[in-house]
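Novice: Structure below; questions to follow.
The values are calculated or read from the model by the stated rules, or taken from the named source; none is laboratory data. Because the structure is predicted, anything quoted here is derived from the model rather than measured. All Cβ positions, glycine included, derive from the backbone under ideal geometry; neighbour counts span all protein chains shown.
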Amino acid sequence: MWHIVQSGNLQEYGLVEDFISTVTDTVPELLNPDQKAQLLLGLRARVVLELCRSEQITDTDSIQMHLEQIKTLISTWAAQPCFADVQFPESNFVDHVGLLLKDPEEKEKFFQVFHSRVPC
């Protein structure tokens, strides 16, 4: 799993997400609910941003699918008592992705900053 993340193999991030869910379901004290939510949402967000990074965004359906999965995860988690105190900034992320898809200049500026702060 670490190799998948370290290599940036985004096509396999779903396996990492499944692994994290399985491990934390088996050993719930490994991560608290907030940490688990942030980790899983971070993996999904990374996939979405990498899909947005390309010069010509041709896979908007896939981006929308991931955004819908993010919304579904958040809705499911928000309904659980253990996540009652967790803040989910999903709407800001979804709105920003929408801006990146519509505004090429904003996208270019964002990825100049994003690329310099996130290791590949």
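Novice: Can you go through 70, 74 and tell me which one is outside any loop (DSSP other than H, G, I, E, B), closer than 23 Å to residue 19 by Cα and touching a Lys or Arg at 6+ places or on another chain (Cβ under 8 Å)?
Specialist: Numbers: 74 fails: touching a Lys or Arg at 6+ places or on another chain (Cβ under 8 Å).
Result: 70 is the single residue among 70, 74 that is outside any loop (DSSP other than H, G, I, E, B), closer than 23 Å to residue 19 by Cα and touching a Lys or Arg at 6+ places or on another chain (Cβ under 8 Å).
Novice: With the requirement that a residue be of a type outside the set (Ser, Thr, Tyr) and assigned to a helix (DSSP H, G or I), what does the range 1-17 give you?
Specialist: Narrowing the range 1-17 to residues of a type outside the set (Ser, Thr, Tyr): 1-6, 8-12, 14-17.
Result: 2, 3, 4, 5, 6, 10, 11, 12, 14, 15, 16, 17.
Novice: Could you tell me whether the range 40-54 includes any residue that is over 20 Å from residue 110 (Cα atoms) and touching a Ser or Thr at 6+ places or on another chain (Cβ under 6 Å)?
Specialist: Initial filter on the range 40-54 (over 20 Å from residue 110 (Cα atoms)): 40.
Those left that are additionally touching a Ser or Thr at 6+ places or on another chain (Cβ under 6 Å): none.
No; the residues of the range 40-54 include none that is over 20 Å from residue 110 (Cα atoms) and touching a Ser or Thr at 6+ places or on another chain (Cβ under 6 Å).
Novice: Can you go through 20, 57 and tell me which one is outside any helix (DSSP H, G or I) and either out of contact with any His (no Cβ under 7 Å at 6 or more places or on another chain) or over 20 Å from residue 102 (Cα atoms) (or both)?
Specialist: Working: 20 fails: outside any helix (DSSP H, G or I).
Of 20, 57, the one residue that is outside any helix (DSSP H, G or I) and either out of contact with any His (no Cβ under 7 Å at 6 or more places or on another chain) or over 20 Å from residue 102 (Cα atoms) (or both) is 57.
Novice: For the range 67-79, which residues satisfy the criterion of being at pLDDT below 85 and surrounded by 11 or more Cβ atoms within 10 Å (Cβ to Cβ)?
Specialist: Of all residues in the range 67-79, those at pLDDT below 85 come to 69-79.
The answer is 69, 70, 71, 73, 74, 75, 77, 78.
Novice: Would you pick out the residues in the range 80-109 that are assigned to a helix (DSSP H, G or I), under 17 Å from the mean Cα position of the chain (by Cα) and at pLDDT below 80?
Specialist: Let us first name the residues in the range 80-109 that are assigned to a helix (DSSP H, G or I), namely 81-83, 90-102, 104-109.
From what is left, the residues that are under 17 Å from the mean Cα position of the chain (by Cα) are 90-101.
90, 91, listed by residue number.
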